[in-house]
Amino acid sequence: MMIDTSLVAGENETREADLKRDYETLGERLDRRGVSIDTVKAKVAAYGLAVPSWGVGTGGTRFARFPGKGEPRNIFDKLEDCSVIQQLTRATPNVSLHIPWDKADPAELKAKASALGLGFDAMNSNTFQDQDGQVHSYKFGSLSHTDAATRQQAVEHNLECIEIGKAIGSRALTVWIGDGSNFPGQTNFTRQFERYLDAAQSIYAELPDDWRLFTEHKMYEPAFYSTVVQDWGTNYMIAQELGEKAFCLVDLGHHAPNVNIEMIVARLIQFGKLGGFHFNDSKYGDDDLDTGSIDPYRLFLVFNELVDAETRQAPGFNPAHMLDQSHNVTDPIESLMVSAMEVQRAYAQALLVDRSALDGFQDSNDALMATTTLKTAFRTDVEPILAMARLENGGAIDPVAAYRAAGYRQKVAEVRPEVSGAGGGIV
Ligand SMILES: [Mn+2]
């Protein structure tokens with residue numbers, strides 16, 4: 001354990017009596033609505049999502065990056081930071097690695113993770129930037145590049161990610177490419193997508209039988225005129241073309257403003273192609289703000305679709321859940337803890353929706369009562385449920401307070417030298 005367990009116990013002791021009262025009061029209120037608080041708590045306690053390894057470093061924009069103190073120096077430091085998030089929230093048992101940023105001896109990765117009580121989620125490949133010594137550049141694309149050797153290099157990188165993933169116990173590969181164009185006429189849309197599909201098929205062909213391939217769409221950036229995998233329609237076509245192990249990954253920030261994401265989620269569930277999520281939030285063009293920080297109602301509406309599918313046991317429904325956000329002005333550990341709890345909150349609220357009442361209002365076209373049914377669930381303060389689930393799982397009632405009291409960041413800053421602030425972009 002990275003944080004002293006007696007410190008966490010001491011922090012919890014000061015809050016436990018209040019929490020018990022709040023939990024009992026909420027339990028009575030939910031009881032009147034025919035909901036068992038313990039059932040909801042058990043589901044929340046069993047819910048886990050993955051933390052991206054790159055999330056624990058301070059992010060930046062294309063203008064600048066302002067590094068924080070005690071940033072992780074390598075994947076092993078990152079795993080330690082991830083384990084702090086899991087220790088205090090009990091919501092993030094898995095880490096999602098990014099290759100080549102996290103490249104290390106798989107045996108050492110596995111040993112470190114299991115010592116920290118962590119597992120590994122989906123592998124993430126990177127063909128959106130060039131690495132030192134790389135033979136072919138991705139400046140003009142990777143899997144959809146006009147040059148066959150460049151495409152082959154990108155395919156081989158993805159196959160390497162699968163190999164590393166097999167060695168550390170991952171069972172999914174997430175592919176996001178930055179391929180696209182910046183000028184009308186720069187590329188032929190059709191031929192470019194044909195090249196992409198051909199390359200993606202070469203990756204898919206090598207996917208182990210018990211693995212899933214997630215393709216992730218993004219409307220724009222780094223390409224600003226057109227993007228090869230720009231929306232869920234194209235993403236769905238890819239999953240259809242590739243086969244039954246291919247699924248669509250929905251990153252909440254990768255859509256145009258006002259797009260009805262929860263409806264996209266419903267469509268992908270209906271046709272058995274929802275692979276999973278990258279949770280974050282956005283306001284204008286940024287796709288990496290903290291989950292639930294801008295529009296928690298939208299997050300709830302997404303979870304409303306997920307709980308609907310879970311309740312009716314939609315065929316093949318098994319989405320992967322991961323945070324994917326960039327922390328520029330906060331301590332990444334604090335942001336990831338709060339975001340993981342926001343995801344759990346949306347899940348708990350969605351579990352409170354009176355589904356048979358909602359069905360009735362929908363069937364009788366009572367729009368007002370249907371939407372009120374959702375609002376009733378959303379307005380419920382489920383914090384006592386989340387906090388009790390954390391406490392009973394060995395976490396902290398108030399993770400941020402416990403983290404600050406432990407002085408973890410100050411401690412690691414003593415051994416981790418300050419990282420250069422030069423340069424912008426993703427780190
Ligand atoms: Mn993403």
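Below are the figures for this structure:
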{"item": "Point-to-point label distance, Gln270-Asp363, nm (Cα→Cβ direction, 7 Å offset)", "result": "1.9 nm"}
{"item": "Within segment 394-411: backbone nitrogen closer than 18 Å to the Met1 label point (7 Å, Cα to C-beta)", "result": "394-409"}
{"item": "Linear extension gain, Asp209 paired with Glu28, 0.36 nm per residue minus alpha-carbon span", "result": "60.4 nm"}
{"item": "Distance cut-off 21 Å, percentage of C-alpha pairs in segment 1-147 lying past it", "result": "62 percent"}
{"item": "Point-to-point label distance, Phe317-Glu414, nm (Cα→Cβ direction, 7 Å offset)", "result": "5.0 nm"}
{"item": "Span-like helix ranges in the chain, DSSP H, alpha carbon extent 20 angstrom or more, Kyte mean at least -0.5", "result": "75-89, 148-168, 296-311, 332-351"}
{"item": "Rg followed by Dmax, in Å, when segment 89-132 is reduced to its Cα trace", "result": "12.2, 38"}
{"item": "Qualifying chymotrypsin sites (Phe, Trp or Tyr not before Pro) in segment 1-70, DSSP loop, other Cβ atoms within 10 Å at most 14", "result": "Phe63"}
{"item": "Hull-based mean projected area of segment 37-354, where the convex hull spans the alpha carbons, in square nanometres", "result": "16.1 nm²"}
{"item": "Order by protection proxy (mean Cβ within 10 Å, highest first), peptides 243-254, 130-141", "result": "243-254, 130-141"}
{"item": "Computed FRET value (nearest 0.05) for Asn258 with Asp381, which takes r as the C-beta separation and R₀ as 25 Å", "result": "0.35"}
{"item": "Segment 283-427 - convex hull of the alpha-carbon atoms, volume per residue in Å³", "result": "164 Å³"}
{"item": "Computed FRET value (nearest 0.05) for Phe224 with Ser36, which takes r as the C-beta separation and R₀ as 60 Å", "result": "0.75"}
{"item": "Relative frequency of Cα-Cα separations exceeding 11 Å in segment 1-52, percent", "result": "76 percent"}
{"item": "Estimated dipole of the chain in Debye, rounded to 20 [Cβ of Lys and Arg +1, of Asp and Glu -1, Cα centre]", "result": "120 debye"}
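Values quoted throughout were computed directly from the atomic coordinates according to the rules given, and no laboratory measurement underlies them. Just so we're clear, the structure is a prediction, and the values are computed from it rather than from any experiment. Using ideal geometry, Cβ is built from the backbone for each residue, glycine included, and neighbour counts are taken over all protein chains shown.
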